[in-house]
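Engineer: Got a structure for you, written out below as structure tokens; questions coming shortly.
The values are calculated or read from the model by the stated rules, or taken from the named source; none is laboratory data. Worth saying up front: this structure is predicted, and the values here are computed from it rather than measured. When we count neighbours, we look across all protein chains shown, and the Cβ atoms used for this are built from the backbone with ideal geometry, even at glycine. Calculation scope for accessible area: heavy atoms of the full protein, side chains included, ligands and nucleic acids excluded. Shrake-Rupley method; radii C 1.70, N 1.55, O 1.52, S 1.80 Å.
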Amino acid sequence: MPAFPPTFAEAVVAQPLAAQFEAFLDEHRAALDGCLEGLTEEQARRSLVASSTTLLGLVKHATFVERVWFDEAVTGRSRAELGIPAASEESFVLDDGDTIATVRQAHREACAASRRATAQLGLDDILSGHRRGPFPLRWVYLHVLRELAQHCGHADILREQLLTG
């Protein structure tokens, strides 16, 4: 019988909705972080598709997503103030200083900051700092979860190509 993901655990199912959102987000955050496990720097940077998408770039982009939705949207600080790209597409671009260790560390720090930023918020609280307008936290959770799930799927395919190709 296949193992169920941690979010199937009764301890998660019985939690209030906000805790369930956090559990699902953390499951996907960990999956993206784990996609780099055991890879060489070259493998993590290798582009295997027509776009410039790489495993390292996916995790770097996930850091951007965390900063946009749980920092910019919560605090109203601009992307320039946060030191992140203005456009989402730019967040996949790797610099010479981007390594598995530095990108993973930045991602983990962004995830921890996201948890702190939302810890005292309710699902109906409005996050007004995003440039597209105000959004309730519940919508932001769903949006980020959708984005992370999509990128986890991309990462699974890229990792499989790297390890079996």
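Engineer: Treating only the Cβ of Lys, Arg, Asp and Glu as charged (+1, +1, -1, -1), what charge dipole size does the chain show about its Cα centre? Round to the nearest 20 debye. All intermediate terms of the calculation are to be shown ahead of the outcome.
Structural biologist: Numbers: 16 positive and 23 negative charges, 59 e Å.
Here the chain has a charge dipole of around 280 debye.
Engineer: Let me ask you something else. Between H130 and T40, with labels modelled 7 Å along Cα→Cβ, what's the label distance in nm to one decimal, could you check?
Structural biologist: For H130 paired with T40, the spin-label model returns 4.0 nm.
Engineer: Test of understanding: in a Gaussian network model of the chain with alpha carbons linked when under 10 Å, which of V59, V93, V49 would top the mean-square fluctuation ranking?
Structural biologist: V49
Engineer: Which percent of the accessible heavy-atom area of the chain goes to carbon and sulfur, probe 1.4 angstrom? List each step's numbers first, then the result.
Structural biologist: Values: 5070 of 8900 Å².
Answer for the chain: carbon and sulfur cover 57 percent of the accessible area.
Engineer: With a point put 7 Å past each Cα toward its Cβ, work out how far S78 is from V13 in nm, to one decimal.
Structural biologist: A separation of 4.9 nm, rounded to one decimal place.
Engineer: Another question, then. Specify which labelled value, from [x] 1.06; [y] 1.02; [z] 0.95, agrees with Cα Rg over 2.2 N^0.38 Å derived from the coordinates of the model shown.
Structural biologist: Label [x] holds the value from this structure.
Engineer: How much FRET efficiency would the formula 1/(1 + (r/R0)^6) give for V93 and L163, where r is the Cβ-Cβ distance and R0 is 30 Å, rounded to 0.05?
Structural biologist: Details: r = 24 Å, r/R0 = 0.81.
For R0 = 30 Å, the calculated efficiency reads 0.80.
Engineer: Moving on. Rolling a 1.4 angstrom probe over the protein chains, ignoring ligands and nucleic acids, what is the accessible area of R67 in square angstrom, nearest 10?
Structural biologist: Accessible area of R67: about 60 Å².
Engineer: Which whole-number percentage describes the relative contact order of the chain, with Cα contacts under 8 Å and a sequence gap of 6 or more? Please report the intermediate quantities before stating the final value.
Structural biologist: On the way: 171 pairs, mean separation 47.6, N = 165.
With pairs under 8 Å counted, the relative contact order is 29 percent.
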